[in-house]
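Each remark here refers to the structure printed beneath this line.
The values are calculated or read from the model by the stated rules, or taken from the named source; none is laboratory data. As the structure is a computational prediction, the values presented were derived from the model and not from experiment. We place every Cβ from the backbone using ideal geometry, glycine too, and count neighbours over all the protein chains shown. Ligands, DNA and RNA are excluded from the accessible area calculation, which covers all protein heavy atoms including side chains. Shrake-Rupley method; radii C 1.70, N 1.55, O 1.52, S 1.80 Å.
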Amino acid sequence: MGKIEEDNNNKASQSSQQGLTLCLISAAFFGALGSSFLYGYNLSVVNAPSNYIKAFYNKTWVERYEEPIGPETVTLLWSLTVSIFAIGGLVGTLTVPILIKVFGRKGTLLLNNVNAIIAALLMALGETAGSFEMLIIGRFIIGVDSGIALSVLPMYLGEISPRQIRGSIGQFNSIFICLGVFTGQVLGLPEIFGQESRWIFLFAFLAVPALLQLCVLPFLPESPRFLLMERRDEARAEKAFQRFLGKKDVSQEIEEVHAESRAQNTIVAASPLDLFRNRAVRWQVITVVVTMACYQLCGLNAIWYYTNGIFTEAGFKKELIPYITLSTGGIETLAAIVSGLVIERVGRKPLLIFGFSTMAFFFGLLTLFLNLQDRFSWMPYLSFVSILLVIASFCSGPGGIPFILTGELFEQSYRSAAFMIAGTMNWLANFAVGLLFPFIQEALQTYAFLVFVVVCLIGAVFLFFILPETKNKTFVEISQSFAKINNVSDVKPSQEMEDVLSFKPVQEEANGIDKSVIEMESSF
């Protein structure tokens with residue numbers, strides 16, 4: 001018995017070590033580069049050239065109507081330029097179930113690059129054409145691109161990753177969002193593209209990651225789970241498993257996917273309405289909605305959208321603000337990388353609770369420091385440190401794990417509908433923050449961030465009591481973790497997976513090692 005356990009542990013260790021392959025890393029890297037990277041980049045890229053864009057609006061208005069644009073009109077156009085990104089994101093999210101059904105996960109990511117290239121051309125050429133409408137339409141289209149990307153990429157990464165490293169691979173999404181934000185800040189510096197004569201290159205850059213993804217992703221496999229469960233193409237699924245896992249014998253992985261398919265109530269992709277009606281996934285849906293709402297409403301987007309204003313009110317000199325803002329992007333990226341390295345050891349639930357709890361604490365400190373900044377000359381620096389710690393706390397868990405959870409909490413037939421629900425909540429909350437925070441800030445002044453303290457605490461408490469740990473579990477096992485709270489029976493699916501993952505005795509032995517030990521371990 002001791003020998004069997006030792007061999008089993010060795011096998012599990014080898015499986016974990018063999019989980020990272022060049023094919024898997026390439027899919028995660030280039031998939032995120034042309035997807036989540038562009039989302040992060042577009043969160044920050046409009047900050048630096050905002051004055052130049054408004055000047056372009058005024059110049060175009062004068063050329064058309066021979067009079068200067070009114071302050072209310074320019075404010076309206078600028079608000080539309082910023083907020084239409086979220087509207088495009090919502091539209092993109094709503095198209096995802098149809099796109100992935102027709103084109104698959106990888107195919108949808110590739111097709112989505114067309115949106116990025118069209119958006120880059122419109123926004124880069126808008127000034128030359130004397131059309132601010134092109135800039136606004138371009139922002140809408142790149143929003144559509146981001147809405148599709150933030151649903152399809154986490155789905156793709158979750159389905160191609162062995163469960164031992166599913167969280168770490170899933171964090172590529174978060175890491176590249178942070179890298180995108182940081183890149184937008186760097187390129188927006190006055191020494192690079194943050195000048196009146198160069199700001200259009202900030203938007204032309206959008207085409208670069210899209211073209212890089214188009215050059216590499218076609219040569220990488222489609223999601224094997226999608227191929228097997230939805231396309232019924234076992235031959236291609238086997239080849240995809242072999243490339244992603246770096247081994248020839250993937251019969252156990254294929255059988256596990258078959259078992260999940262047999263365990264599901266339906267093999268037809270469910271609609272969002274089906275998810276709301278299905279008691280078996282009720283608390284999964286609630287968990288995703290609450291987590292995604294807290295992801296957007298926890299206050300980080302308020303910091304990104306109004307970073308310059310916050311630092312100005314905190315007392316920093318105007319010429320230093322672009323460089324101070326740069327440090328926030330660096331901290332965000334570093335925290336996301338650290339989270340990706342520890343997620344498989346610490347788990348999803350502890351990182352989420354830690355992140356939301358510490359955000360609440362540091363938002364409280366930020367409120368205190370902002371109220372005291374007029375009394376002490378050094379207080380703005382403490383405000384700055386508090387902002388950095390809020391950002392680091394966000395990226396330690398809440399910044400990326402909600403996307404991972406959306407893919408993990410649902411089995412294959414529910415997954416596209418789940419991402420549609422999560423994406424809709426994500427973009428509606430994103431739009432709400434951008435629209436309402438200026439009014440909240442005007443009404444509450446330095447106490448505005450206390451609203452986010454409440455949101456973060458609600459998120460932490462909810463996750464503490466409701467969310468089960470999903471680390472190193474199969475999708476069916478995760479679904480069964482909710483069986484008790486959903487008040488449904490878990491006998492059938494559990495038995496189905498037990499048949500697959502249990503020992504399969506084989507009389508023949510090779511070198512004294514029972515082959516049943518070798519056959520039981522599955523990467524997925």
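Reducing region 232-273 and region 201-229 to their Cα centroids gives an inter-centroid distance of 22 Å. Packing around the peptides 407-418, 27-38, taken as the average count of other Cβ atoms within 10 Å per residue, puts them in this order, highest first: 27-38, 407-418. Residues within the reach of a label modelled at Leu212 (point 7 angstrom out along Cα to beta-carbon, backbone nitrogen below 20 Å), restricted to region 179-198, are 179-189, 192-194. Using a cutoff of 8 angstrom between alpha carbon atoms and counting only pairs six or more residues apart, the relative contact order for region 151-275 works out to 19 percent. How big is the Cα convex hull of the chain in projection, averaged over all directions, in nm²? Quarter of the Cα hull surface area: 26.1 nm². The residues of the chain have, on average, 41 Å² of accessible surface per residue, using a 1.4 Å probe with all protein chains present.
Shape analysis of region 113-263 based on the Cα gyration tensor places the equivalent ellipsoid semi-axes at 40, 16, 12 Å, largest first. Membrane-span-like helices in the chain, defined here as complete DSSP H runs extending at least 27 Å along the helix axis by their C-alpha atoms with mean Kyte-Doolittle hydropathy no lower than 0.5, are 71-129, 132-160, 166-187, 321-346, 348-372, 412-444; this is a sequence and geometry rule, not a statement about a membrane.
Extension gain, Phe201-Phe376: 0.36 nm per intervening residue step, less the Cα-Cα distance, totals 58.9 nm.
Applying 1/(1 + (r/R0)^6) with R0 = 41 Å to the Cβ-Cβ distance of Leu368 and Ala235 gives a FRET efficiency near 0.05.
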